[in-house]
There are 2 protein chains.
Amino acid sequence: MTVDPVSTVFAALADPTRRAILARLAAGEATVNELAAPFPVSVQAISKHLNVLERAGLIVRTREAQWRRCRLEPAPLRTLAEWVDQYRRLWDDRYDTLDEYLDSLKGKDDEPAQ
Amino acid sequence: MTVDPVSTVFAALADPTRRAILARLAAGEATVNELAAPFPVSVQAISKHLNVLERAGLIVRTREAQWRRCRLEPAPLRTLAEWVDQYRRLWDDRYDTLDEYLDSLKGKDDEPAQ
DNA sequence: CGGTTGATAAACCGATGAGTTGAATATACG
DNA sequence: CGTATATTCAACTCATCGGTTTATCAACCG
């Protein structure tokens, strides 16, 4: 029942196997078998990971004969970068004026949950 | 058994209540009761969330009489920003040369998991 | 001292997550 | 057609998660 997109993306990235899959896809498209090869788990497990990544919008899959080619979709990562940037002032002295702080928060707030 | 720090931080951020807590702490320190007030769940549940955030290194807690003051610790968020930045070239035309691409990947790779 | 307040611990519950094995589906190939 | 290959579906297991309730610990206050 966790439907909010930000949570879905964070959850998808909370698994090292899935992050490694993304790292692989950053170098170019690949099929399920190709993606599964480096890992010590079954192809089915990788298929499930791909479902998670797809539901998070982080990849798209296209049919091609009996293969499913996977491509990385960077949009959610950009959204994430913006989310993290809300907090940039807290460690980065580039944000040292109130104006910049307020700009950085514009419309990027989290609701009080649920 | 998920011990790698990146996974721990992503998992901690995958919950909207915890992100809202961080958003609140970005505005300044707070006690557990103060943090719990806006939420429709028990103080104990919030206490658990704070444990998760603390284990992820996203907050630190200090004793102060019978209160536990919580403070946001932005270091893991900076790490996260760097992680996401690996992929910036994929959506951001600022990265349009091979040199910049290679720079952006320097030493930030994910291992093939486990 | 006893009571109140702030916070955590412990035990439990239902749901979800990551993995397995085994079967099914779909497409190409001889 | 029949078989091999690529992928997914289904059912199951085990662990973890987010929440609850009840109980405990710690510090202040009258």
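Find the relative contact order for the stretch A:8-77 and round it to a whole percent, using C-alpha pairs within less than 8 Å whose residues are 6+ positions apart.
So the answer I get is 36 percent.
Going by Cα centres, the stretch B:1-40 and the stretch A:18-90 are how many Å apart?
Between the Cα centres of the stretch B:1-40 and the stretch A:18-90 lies a distance of 26 Å.
Rank these by accessible area, largest first, 1.4 Å probe: B:Thr31, B:Thr8.
Accessible-area ranking of B:Thr31, B:Thr8, largest first: B:Thr8, B:Thr31.
Using protein chains only and a probe of 1.4 angstrom, how many square angstrom of A:Glu34 are accessible, to the nearest 10?
90
As a test question: what accessible area, to the nearest 10 Å², does A:Asp93 have when a 1.4 Å probe is rolled over all protein chains in place?
Ignoring ligands and nucleic acids, A:Asp93 comes out at about 120 Å².
Just by accessible area at a 1.4 angstrom probe, what is the order of A:Trp83, A:Trp67, A:Trp91 from largest to smallest?
Descending accessible area places them as A:Trp67, A:Trp91, A:Trp83.
What do the square roots of 5 times the Cα gyration tensor eigenvalues come to for the stretch B:5-73, in whole Å, largest first, as semi-axes of the equivalent ellipsoid?
18, 14, 11
Would you calculate the separation in nanometres between label points at B:Asp93 and B:Arg69, each defined as 7 Å from the Cα along the Cα-to-beta-carbon direction?
4.9
Quick one: how many Å² of B:Glu82 are accessible to a 1.4 Å probe, rounded to 10?
Near enough 90 Å² of accessible area.
Taking the Cα centre of the stretch A:5-73 as origin, work out the dipole magnitude from +1 charges on Lys and Arg Cβ and -1 charges on Asp and Glu Cβ, in debye rounded to 20.
My answer is approximately 80 debye.
The values are calculated or read from the model by the stated rules, or taken from the named source; none is laboratory data. Small disclaimer: the values here were computed from a predicted structure and weren't measured. When we count neighbours, we look across all protein chains shown, and the Cβ atoms used for this are built from the backbone with ideal geometry, even at glycine. Note: accessible area is taken over every heavy atom of the protein model, side chains too, but ligands, DNA and RNA are not part of it. Shrake-Rupley method; radii C 1.70, N 1.55, O 1.52, S 1.80 Å.
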